[in-house]
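One structure coming up, written as structure tokens, with questions to follow.
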Amino acid sequence: MSPNIMWVDKADPSHFDGDRFFNPEPARHPDKTRRSGFLKLLQARLRRDQVAWAPWPAFIENTAYPPPEPGTPSVTWIGHSSFLLCLEGLTLLTDPVFSERCSPVGFAGPKRVRPPGLSIEALPKIDLILLSHNHYDHMDIPSLRLIRQRFPAVHIVTSLGNRAFLMRQRLPGATELDWWGTTTVHGAHITATPARHFAARTLWDRNKTLWAGFMLNHHGRKIYFAGDSGYTRFFSEIHHRLGAPDFALLPIGAYEPREVMATVHMDPREAVQAFKDLRAQRAVGMHFGTFQLTGEPIDAPVAELAVAREAADILPERFFTLDVGQTAQL
């Protein structure tokens, strides 16, 4: 038995069968089609087939941006799904990944094409980490250890089943939540929200832990972090239950080929629909431009977001992207 398998005693049976978690919605494509597509994607990657696996630059130098201003509510993109959020009296990170690779090993696997927008040494005091699920491009144990070493009081809020694994990785004290579960950290009310995805860190632990997004309500300002998700009816339910976010962090990348990725990753058109379902005031795109996980070109998510946004008659300042290291005021 793998030491990485996690056991869950209690979870909502609408998405837990007593052994593993599952997506309540039916798959977008049959399993046979997805397996076939995954094998084709893997072959394209290994062969560097430029039709199915677009070439990415090996390295991009970051533009130098000023750091976020202390005391000004802001969001800074560190890269991929990692953001620094500075609020009044609360500073937090989402899915912090600072390592060179998102992989079980340090010598192989997807390698970042640009450095983090901020180093761990440059971070202000961090109070909270929102950790959506256990994939390597979201749960980066070396980064979490370094952050906890620098900020021993930092609190981790994650999805159900991850607490025991984090404890074995010398990261004790995390709070884990089922979908719609809540907790409060430093005055911020946090609700774990449904997502359409999956979890695994080994060949033996698929869906032994849960995946989630989070709605954070801090002094009346609502910030939604989607984590990793395919398009789902739950976006409308999140709005119905928790209200419209003032600001949403939505994934727009890692979506090709669709027969493989549609169930677990949104494309930009679907991200725009999620934005509308949530009735968010503003949103920023994430989960692109850092690690090549799928076949689309590095600039495709931003270009396709612009097309989808225009088609939906959404102003660019309402759903935008940041450059790595760039800060926007909230």
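The values are calculated or read from the model by the stated rules, or taken from the named source; none is laboratory data. From a predicted model like this one, the values you see are computed outputs, not experimental measurements. Quick reminder, even Gly has a Cβ in these numbers, built from the backbone with ideal geometry, and neighbours come from all protein chains shown. Heads up: the accessible areas ignore ligands, DNA and RNA and are worked out on the full protein's heavy atoms, side chains in. Shrake-Rupley method; radii C 1.70, N 1.55, O 1.52, S 1.80 Å.
If you average the sequence gap of Cα pairs under 8 Å that are 6 or more apart and divide by the length of the chain, what percent do you get for the contact order? Don't jump to the answer; show the numbers that get you there.
Working: 720 pairs, mean separation 67.3, N = 330.
In percent, rounded to a whole number, it is 20.
Can you show me the helix-derived [θ] at 222 nm for the chain, built from DSSP H runs with n ≥ 4 at -39,500 (n - 2.57) apiece and divided by the number of residues, rounded to the nearest 500. Spell out each step's value before the answer.
Values: 7 runs with 70 residues, N = 330.
Value at 222 nm, helices only, nearest 500: -6000 deg cm²/dmol.
Viscosity 0.890 mPa s, temperature 25 °C: give me the Stokes-Einstein translational D for the stretch 51-122 in µm²/s, with Rh taken as the Kirkwood radius over C-alpha pairs. Each step should come with its number before you reach the end.
Details: Rh = 14.0 Å.
Calculated translational D: 175 µm²/s.
Relative contact order for the stretch 104-255: what is it in percent, counting Cα pairs under 8 Å that are at least 6 residues apart? If you can, show how the numbers build up before the last one.
Values: 251 pairs, mean separation 27.1, N = 152.
Relative contact order, the stretch 104-255: 18 percent.
Further question on the same structure: Within straight cross-link reach of LYS10, meaning Cα distance under 16 Å, which aspartates and glutamates are found once same-chain residues fewer than 8 apart are removed?
Counting by Cα, and skipping residues close in sequence, LYS10 has these aspartates and glutamates nearby: ASP19, GLU176, ASP178.
Which value, in Å², gives the accessible area per residue of the stretch 141-206 when a 1.4 Å probe is used on the protein heavy atoms?
Details: 2770 Å² over 66 residues.
It amounts to 42 Å² per residue over the stretch 141-206.
May I ask you to rank ARG48, ARG150 by accessible area, largest first, using a 1.4 Å probe over the protein chains only?
Numbers: ARG48 145, ARG150 105 Å².
Final ranking, largest accessible area leading: ARG48, ARG150.
Here is a follow-up. Ordering THR175, THR290 from largest to smallest accessible area (1.4 angstrom probe), what's the sequence? Walk me through the intermediate numbers first.
Details: THR175 35, THR290 0 Å².
From most exposed to least exposed: THR175, THR290.
Here is a follow-up. Just to make sure I understand: if all protein chains stay in place, what is the order of PHE165, PHE320, PHE22 by accessible area at 1.4 Å, largest first?
On the way: PHE165 5, PHE320 30, PHE22 70 Å².
So, going from the largest accessible area down, we get PHE22, PHE320, PHE165.
Specify the residue with the greatest mean-square fluctuation among LEU203, LEU123, LEU92, computed from a Gaussian network of the chain linking alpha-carbon atoms under 10 Å apart.
LEU203
What does the C-alpha gyration tensor say about the overall shape of the stretch 220-320? Classify as rounded when a/c is under 1.5, otherwise prolate if a/b is larger than b/c, or oblate.
On the way: a/c = 1.85, a/b = 1.46, b/c = 1.26.
Since a/c reaches 1.5 and a/b is larger than b/c, the shape of the stretch 220-320 is classed as prolate.
Report the one residue of CYS102, THR263, ILE238 whose Cα lies farthest in the direction of the positive end of the charge dipole of the chain (charges on C-beta: Lys and Arg +1, Asp and Glu -1; origin at the Cα centre).
CYS102
Would you kindly compute the Cα radius of gyration of the stretch 246-303 and its largest Cα-Cα separation (Dmax), both in Å?
My reading of the Cα-based Rg and Dmax gives 11.3, 33 Å.
Need the C-alpha centroid separation for the stretch 241-259 versus the stretch 292-330, integer Å.
11
What ³J(HN,Hα) values, in whole Hz, does the Karplus curve 6.51 cos²θ - 1.76 cosθ + 1.60 give for the stretch 134-140 when θ = phi - 60°, with x put for Gly and Pro?
Karplus values, whole Hz, x for Gly and Pro: 9, 5, 5, 8, 10, 10, 9.
So if I place +1 on the C-beta of Lys and Arg and -1 on the C-beta of Asp and Glu, and nothing else carries charge, what would the dipole magnitude of the chain be about its Cα centre? I want it in debye, nearest 20. Could the numbers behind the result be given before it?
On the way: 36 positive and 34 negative charges, 147 e Å.
Roughly 700 debye, rounded to the nearest 20.
What is the P(r) of the chain, as percent of Cα-Cα pairs per 20 Å bin from 0?
Pair shares across the bins are 33, 63, 5.
Can I ask one more? Check which residues have an amide H placed less than 5 Å from THR290's amide H, if you skip close sequence neighbours.
HIS80
How much accessible area per residue does the stretch 208-330 have, counting only protein heavy atoms and a probe of 1.4 Å, in square angstrom? Show your work: numbers first, answer last.
Numbers: 4170 Å² over 123 residues.
In whole numbers, the stretch 208-330 has 34 Å² accessible per residue.
Also, quick follow-up: Using 0.36 nm per residue of separation minus the Cα-Cα distance, give me the extension gain between ALA108 and ARG221 in nm, one decimal. Could you put the intermediate results ahead of the total?
Numbers: separation 113, 0.36 × 113 = 40.68 nm, distance 4.08 nm.
Between ALA108 and ARG221, full extension yields an extra 36.6 nm.
Exposed loop sites here are GluC sites (Glu not before Pro) in DSSP loop states with at most 16 other C-beta atoms within 10 Å. What is the longest stretch of the chain lacking them?
Details: sites that count: GLU61, GLU88, GLU100, GLU317.
By the stated rule (loop sites, at most 16 other Cβ atoms within 10 Å), 101-316.
For GLU25 and ARG258 in one chain, what is 0.36 nm times their gap in residues minus the Cα-Cα distance, to one decimal in nm? Walk me through the intermediate numbers first.
Values: separation 233, 0.36 × 233 = 83.88 nm, distance 1.70 nm.
Gain on stretching GLU25 to ARG258: 82.2 nm.
So, one more: Take the solvent-accessible surface of the protein heavy atoms, probe 1.4 Å, and return the percent of it on the chain that carbon and sulfur atoms account for. Mind dumping the intermediate values first?
On the way: 7810 of 14350 Å².
It is 54 percent, rounded to a whole number.
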